[in-house]
1. Could you check the spin-label model distance between residue 183 and residue 129? Points 7 Å from the Cα along Cα→Cβ, value in nm.
2. Based on the Cα gyration tensor of segment 254-298, what are the three equivalent ellipsoid semi-axes, each the root of five times an eigenvalue, rounded to whole Å and given largest first?
3. Efficiency by 1/(1 + (r/R0)^6): what FRET value for residue 161 and residue 109, r their Cβ-Cβ distance, R0 = 25 Å, to the nearest 0.05?
4. Run the simple label-point estimate for residue 301 and residue 339 please: 7 Å along Cα→C-beta, distance reported in nm.
5. Rounding to the nearest 20 debye, state how big the charge dipole of segment 98-200 is about its Cα centre with +1 on each Lys and Arg Cβ and -1 on each Asp and Glu Cβ.
6. Taking the inverse of the average 1/r across all pairs of different Cα atoms in segment 328-391, what Kirkwood radius in Å do you get?
7. Which value in nm describes the separation of the simple spin-label points at residue 82 and residue 389, placed 7 Å from the Cα toward the beta carbon?
8. Ignoring ligands, DNA and RNA, please state the percent of accessible area on segment 280-425 from carbon and sulfur, probe 1.4 Å.
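The values are calculated or read from the model by the stated rules, or taken from the named source; none is laboratory data. Everything numeric in this text was worked out from a predicted model, so none of it was measured. Cβ sites come from the backbone with ideal geometry, for glycine too, and all protein chains shown count toward neighbours. Side chains are part of the model used for accessible areas, which takes the heavy atoms of the whole protein and leaves out ligands, DNA and RNA. Shrake-Rupley method; radii C 1.70, N 1.55, O 1.52, S 1.80 Å.
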Amino acid sequence: MSTEQKEIPPKVDVPAKAEEEEEDSDDEETTPTTDGSAPAATGDKKKKKKNKKKKKAAAPAVAASMNDLFEGKSIPSGLVQTNPPTIPVSKMYSNGVFPMEELREQERLQANIYNDVRRGAQAHRDVRKYVNSFIKPGISLMELVTKLEDASKTLVGADGLKAGWGFPTGVSINHIAAHFTPNTGDKTILKQDDVLKIDFGTHVNGYIIDSAFTVTFDPKYDTLKEAVREATNTGIMHAGIDARIGEIGAYIQETMESYEIELNGKVYPIKSIRNLNGHSIRPYVIHGGKTVPIVRGGEMTRMEEGEFYAIETFGSTGRGHVVEDLECSHYMRNEEYPSNVRLPKSKQLLQFINKNYGSLAFCRRWLDQAGEDKHILALKNLCDLGVVLPCPPLVDVKGSYIAQYEHTLLLRPTAKEVLSRGDDY
């Protein structure tokens, strides 16, 4: 099921060829043969005594796409306006699209932000390409996340809180929907029959790219992946400035639940997981305050110009509802936290978190790698005080399979830019 719309080029003026024909007639004329056939290759052409100056050929017309019209991508024809003006503006732009100067000026003021987030997006695409070159059954999840995060750190140009990881790499298998990354000592091995969700982030100056995809090795899961990928694309298609968030959820659910999958001789409906959502993103804050549901019935809050959103969908063969379970690995410091930390070890750990992660999410494995290996009691104390929020794995019923696809988009004044889009998804 495709959500793409066919582009219809606007009507444009096609340059007449009369001038070219006149130029040909200025140079030569043909004389018919006596039998009415075409003249011979030589000897039948009479040169004119007078050579007229050739007229400059008109610039070729360029068909404009619907995207060009939407974004105001005008192409100058090369003509220079006279003084006083004599050339219609319709002839000044060869694709028939006219510029949007006021909105363009607004975008120019945000150029540095756009460049930062595109840098993070390009790093994300390049990491995905690298991961797909080595991922296969038999690899441990620890090796997978280590290679991925090393590449991400290199490609984004990690520099403290100025650039680096957006959040821990999620490698959630089968009925685990999200928030699973291996803690130190984890021995989980990826198997041929697994459905793996890879969800990782990059950031530059706090502008986070949040994007996820699903990896399988058995084609029997292709329908599940297709349903979720198309549901995400549906959400992206309906997102935009002034779009009502609740309506987007209804469109997503309609697309997702139009699919079903046969596994081992049994047919399962593919369900949107009703208590998982997409979300807005703010600088250094992965969940920015607005949620984008993937089922109908959500709030009718509107999306606004300048906002970043992670449009993500989850499709399940199980209940379509997740609960917290398993050992916690993901954590995140509260934006505003109480100042009642008393234990020295807890104070020390909080200082480390503030310096290295701020309000970005982190995981226990990162603490171990940084030398904070005796952190468990201090981390529990910070969670008990409400300074740090634990984010345990989210799971559906055991034996079910879940797929996920996610993209980050930016609602610019002139366009909806899907920042994390690539050739892969």
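1. Result: 3.7 nm between the two label points.
2. Working: eigenvalues 187, 27, 9 Å².
They are 31, 12, 7 Å, listed largest first.
3. 0.55
4. Inter-label distance under the simple model: 2.9 nm.
5. Numbers: 14 positive and 14 negative charges, 62 e Å.
It works out to roughly 300 debye.
6. Values: mean 1/r = 0.0876 Å⁻¹.
Across segment 328-391, the inverse of the average 1/r is 11.4 Å.
7. 6.6
8. Values: 3390 of 6680 Å².
It is 51 percent, rounded to a whole number.
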